[in-house]
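Working notes, structure below.
The values are calculated or read from the model by the stated rules, or taken from the named source; none is laboratory data. The structure presented is a predicted model; accordingly, all values stated were derived computationally and were not measured. Neighbour counts run over all protein chains shown; Cβ positions are idealised from the backbone, glycine included. Ligands, DNA and RNA are excluded from the accessible area calculation, which covers all protein heavy atoms including side chains. Shrake-Rupley method; radii C 1.70, N 1.55, O 1.52, S 1.80 Å.
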Amino acid sequence: MQEDSTWSLILTLENRNLEPMFSLLCADLITFSKKEYSTEDKAINDVLRRLSYWRLLLEREAFNILSENEVRGLFGELLFLKKIIDHLGLKSALKSWVGPLDAPQDFQTDDCSWEIKTIRPSARSIPISSEYQLHVCKSPIYLVVIELIEVKKTDEIESFSINSLVENIRSLLWEDVEALDLFEAKLSHTGYSPRSEYDDFKFRTADILTYEVAERFPCISNTNLADGLCKVRYEIEISALKKYLINSI
């Protein structure tokens, strides 16, 4: 606390190689500290939690910018997370989000799993990244395909950047400290940091379709691979999935 009874948080940088990330950190903390807070203690605690989130990023050396495909993939997971919060509740929805932890599917509960894929409007197929992604074991798997349309920054169409979507989800979690901390911890595993470059990628959603990975679903499973085959990548034609389409959340 300073002499005029105001608080200051002083950060110093020892490694000059981290200056670009340190600048992002400082700018983010300044913006974050300008929010409306009900009490002084809450303001201090929230800013310190935000600093803890950045510490996780720095420990994981999450300095690189995500590729456009990585941004689209994370965008799809966050859209679905926002969607299932209404069905599962904050903590259950966040616990089910296991994609950042390198789980076979992006979301898993005791009852089922969801694998989220984003495609462009012209896409005719869906990429699958491993023989485990659509492998049905004990519980059903649902393949959720989200069509994302890229929007120019200058277009006055309702759309979101990855930065604005992250902030939107944070606003839903704001009053639940435990849920917010869980979200920040998982988000840090994705390599995301609030960089201005991500504002160049804005999207709106078109179709969101859900398919049940049922019997005879066109997929490759680890149980039907020849010995010695692994790390399988393949694509599924969208036109072959019509009979597996279901109504879902």
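Observations, loosely collected:
- Among the DSSP helices (H) of the chain, those spanning at least 20 angstrom by Cα along their long axis with an average Kyte-Doolittle hydropathy of 0.0 or more are 19-33, 68-88; this is a geometric and hydropathy rule only.
- Compared with the direct C-alpha span, the chain from residue 68 to residue 103 gains 10.4 nm at full extension, assuming 0.36 nm per residue.
- Binned Cα-Cα distance frequencies in the chain - 5 Å width, integer %: 1, 5, 12, 15, 16, 16, 12, 9, 6, 4, 2, 1, 0, 0, 0
- Between residue 113 and 141, 142, the built amide H atoms are under 5 Å apart, and every one of these is 5 or more places off in sequence or on another chain.
- By a 1.4 Å probe calculation restricted to protein chains, residue 52 has an accessible surface near 50 Å², given to the nearest 10.
- Accessible heavy-atom area order of 22, 80, highest first, probe of 1.4 Å: 22, 80
- Förster radius 25 Å - calculated FRET efficiency between residue 157 and residue 122, Cβ distance, rounded to 0.05: 0.85
- Partner lysines for residue 243 [C-alpha distance under 23 Å; skip if fewer than 8 residues away on the same chain]: 117, 138
- As a length-normalised measure over Cα pairs under 8 Å and 6 or more apart, the relative contact order of the chain settles at 23 percent.
- Accessible surface of segment 173-222 [probe 1.4 Å, protein heavy atoms]: carbon and sulfur percent: 44 percent
- 19 Å cut-off, amide nitrogen to a point 7 angstrom out along residue 230 Cα→Cβ, residues in segment 63-107: 102-105
- By accessible area with a 1.4 Å probe, ligands and nucleic acids excluded, highest first: order of 219, 112: 219, 112
- Residues in segment 118-132 reached by a label modelled at residue 240 [backbone nitrogen below 19 Å; 7 Å Cα→Cβ]: 118-120, 123-132
- Exposure of residue 132 as accessible area (Å², to 10), given a probe of 1.4 Å and all protein chains: 110 Å²
- Bridges between two residues of the chain, per DSSP, are antiparallel at a rate of about 75%.
- Anisotropy class of segment 79-226 from Cα gyration tensor, a/c 1.5 cut: oblate
- Note on residue 87 and residue 52: with the Förster distance fixed at 41 Å, the Cβ-Cβ geometry gives a FRET efficiency of about 0.90.
- For segment 140-191 and segment 7-48, distance of Cα centres in Å: 22 Å
- Over the chain, DSSP H runs of length four or greater, each weighted -39,500 (n - 2.57), average out per residue to a 222 nm ellipticity of -11500 deg cm²/dmol.
- The accessible-area ordering, largest first, of the residues 82, 231 stands as 231, 82, per a 1.4 angstrom probe.
- Between residue 214 and residue 12, the modelled label-to-label distance comes to 6.6 nm, taking each label 7 Å out from Cα in the direction of the beta carbon.
- Segment 115-137 and segment 192-249 have Cα centres separated by 2 Å.
- When only the Cβ of Lys, Arg, Asp and Glu is charged (+1, +1, -1, -1), the dipole of the chain relative to its Cα centre reaches about 680 debye.
- Residue 43/residue 95 FRET efficiency (R0 41 Å; Cβ-Cβ; nearest 0.05): 0.90
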